[in-house]
Structure formats: structure tokens, C-alpha cells
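In what follows, a structure is listed as C-alpha cells, so that the remarks can point back to it.
The values are calculated or read from the model by the stated rules, or taken from the named source; none is laboratory data. Worth saying up front: this structure is predicted, and the values here are computed from it rather than measured. Backbone-built Cβ (ideal geometry, glycine too); neighbour counts: all protein chains shown.
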Amino acid sequence: MISAGTLVIVESVPDDLRDDDEMRTKELFLGCVGRKFEVISTTIVSGEQLLELEVGEVFGEPAFMHSIWIEERHVTVIDPPEQISN
């Protein structure tokens, strides 16, 4: 299990993501691929761990302005941890 404070790299995104007129969800997730983030919090939904990542920098904004919840299987833990430098 991954815990808050863990550094991860987003390796992939869920296949069923879509953008709509108001939310650029797919664009945001795709912009995260290959980037490093700190896990802010975690939860379990339907038996699967979801990780909260603050990703505002993908849109050129402060990290806290946008966050995503992504399944653990779409990230790789950075081990040993290193400094985040997107």
C-alpha cells in the first residue's frame, strides 16, 4: 500500500477518461504522465486504492489548484525517494 507522502511517477492513465466542455480531465491526466508527484492522501474505493495527487503545475498553476485521484496501478513509487523536480 502506498501512503501519503510517498513520491510517485505517473506511468499511465485510465482508458475511459474523457474531456468535456467544462472539465479537461483527460488532458490533465495525460499531462501528468512521466511526472513526479507526492501522494497527498489515499482512499479505498471498491477494493482499489486511489491516490490523491496535487497536479496544478500541469496547467501552469500552483500545485494545489488541481488534484486528481488515480489508481495505484497507474503509478510507480520512487524508491528511494528523491527531491521532486518536474
Every residue from segment 59-71 that is at pLDDT 90 or above, closer than 15 Å to PHE29 by Cβ and not hydroxyl-bearing (Ser, Thr, Tyr): HIS66, ILE68, TRP69, ILE70, GLU71
Qualifying residue in segment 13-35 (condition: under 12 Å from the mean Cα position of the chain (by Cα), surrounded by 10 or more Cβ atoms within 10 Å (Cβ to Cβ) and among the acidic types (Asp, Glu)): no
From the options GLN83, GLN49, residue that is out of contact with any His (no Cβ under 6 Å at 6 or more places or on another chain), of a type in the set (S, T, N, Q) and modelled with pLDDT under 95: GLN83
Among residues of segment 32-54, those that are among the hydrophobic types (A, V, I, L, M, F, W, C) and within 15 Å of THR6 (Cβ to Cβ), counted: 6
Test result for VAL10, in contact with a His (Cβ under 7 Å, 6 or more places away or on another chain), surrounded by 13 or more Cβ atoms within 10 Å (Cβ to Cβ), at pLDDT 95 or above and over 17 Å from GLY60 (Cβ atoms): yes
The listed residue being exposed (fewer than 15 other Cβ atoms within 10 Å of the Cβ), out of contact with any Lys or Arg (no Cβ under 8 Å at 6 or more places or on another chain) and in contact (Cβ under 8 Å) with a residue 40 or more places away in the chain, out of MET65, MET1: MET1
